[in-house]
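Novice: Input: one structure, supplied below.
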Amino acid sequence: MEFSEEEIDLLAASDGGKKLFLGECKWTHKPLSETVVYDLIQKGEDVFSGAEKWYIFFAKEGYMDQAEKAVLANDHIRLLIFSGLNPPFHHLL
């Protein structure tokens, strides 16, 4: 079996690997783009073809409109904004 190399910021598994959680973290002053969303989805399909996949995106500055539209098309995508995490962590900066 041959394995590919892909950069994925976060990976967790449950149900014996049948369910995977893949995450991308962007700590920039620009909103996260739809390209980042679709790139991680493609990586998930290429590397983990047999599992149920959930995608979680963490962004410092929010998301572009097209990235938010991608969420509406796939109920396995979650977008999180740093300032909206509970409890808020910005006091640590």
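Novice: State in Å² the accessible area per residue of the stretch 1-76; use a 1.4 Å probe, count heavy atoms of protein chains only, and round to the nearest integer.
Specialist: 67 Å²
Novice: For Leu72, what is the net charge nearby, where nearby means another residue's Cβ is under 12 Å from its Cβ and Lys, Arg count +1, Asp, Glu -1?
Specialist: Working: positive: Lys69; negative: Glu34, Asp65, Glu68, Asp75.
Every neighbour counted, the sum reads -3.
Novice: Another question about this same structure. Using only the alpha-carbon atoms of the stretch 1-84, report the extent along each of the three principal axes, biggest first, to the nearest angstrom.
Specialist: Extents along the principal axes, in whole Å: 40, 24, 20.
Novice: May I pose another question? Check the straight Cα-Cα distances from Lys19 and name the aspartates and glutamates below 14 Å, setting aside those fewer than 8 residues away within the same chain.
Specialist: Within the straight-line limit of under 14 Å, Lys19 reaches these aspartates and glutamates: Glu45, Glu52.
Novice: For the stretch 42-49, take each phi angle, set θ = phi - 60°, evaluate the Karplus expression 6.51 cos²θ - 1.76 cosθ + 1.60, and give the result in whole Hz per residue in order, putting x for glycine and proline.
Specialist: Once θ is set to phi - 60°, the couplings for the stretch 42-49 become 5, 4, x, 5, 5, 8, 10, 6 Hz.
Novice: Once the other residues with Cβ under 9 Å from the Cβ of Trp54 are scored (Lys, Arg +1; Asp, Glu -1), what is the net sum? Write down the numbers at each step before the final one.
Specialist: Details: positive: Lys19, Lys53, Arg78; negative: Glu52.
Neighbourhood net charge equals +2.
Novice: To the nearest 20 debye, what charge dipole does the stretch 1-66 have about its Cα centre, counting +1 at the Cβ of each Lys and Arg and -1 at the Cβ of each Asp and Glu?
Specialist: The calculated dipole for the stretch 1-66 is roughly 280 debye.
The values are calculated or read from the model by the stated rules, or taken from the named source; none is laboratory data. Fair warning: this is a prediction, and the values are worked out from it, not measured in the lab. Heads up, the Cβs are rebuilt from the backbone with ideal geometry, glycines too, and the neighbour counts pull from every protein chain shown. Ligands, DNA and RNA are excluded from the accessible area calculation, which covers all protein heavy atoms including side chains. Shrake-Rupley method; radii C 1.70, N 1.55, O 1.52, S 1.80 Å.
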